[in-house]
Amino acid sequence: GEVKAGVEIRFQPKDGKIPFSIPALDKIERAAGQYVGAVKTEDGGEEWRYSSADVSPYLCNLFTAPDYRGVGLGRTLVRLAWYTATEVWGEKECYLHVDEGNVKAKRLYEGEGWKPVKRKWKPGW
């Protein structure tokens with residue numbers, strides 16, 4: 001059958017930049033991209049580090065098929081990602097990027113306790 005929903009988390013540098021799959025393109029794209037980032041810590045606070053040597057769990061993909069939206073599946077996947085990062089991997093934070101215009105996604109993440117980080121770049125794609 002076809003996939004109805006999914007979530008992907010991976011370790012990425014805590015530098016706040018949008019990661020890309022190809023390292024050479026990553027440098028170029030990071031220099032020109034725009035994003036709004038978010039980070040959530042166990043104690044509900046905000047934290048951001050700018051050391052590329054440090055890594056943190058990164059919620060990089062979350063999707064639900066249109067017919068499956070609005071039933072709590074996305075919220076469940078966000079909670080699963082947070083549980084994996086904190087309980088399974090033993091981390092204290094996880095970060096993500098969300099398009100500034102994606103009001104539903106922003107509402108979902110903020111409703112789950114994620115805090116916005118006010119850092120943006122100019123889009124290069």
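With θ taken as phi - 60° and the Karplus curve 6.51 cos²θ - 1.76 cosθ + 1.60 applied, the whole-hertz 3J(HN,Hα) list for the stretch 66-73 is x, 5, 10, 7, x, 10, x, 5 Hz, x standing for glycine and proline. Taking amide H positions as modeled 1.01 Å from N, with prolines and chain starts lacking one, the residues under 5 Å from Q12 and 5 or more places away or on another chain are S56, Y58.
Bear in mind these aren't lab numbers, they're just calculated from the coordinates by the rules spelled out. Worth saying up front: this structure is predicted, and the values here are computed from it rather than measured.
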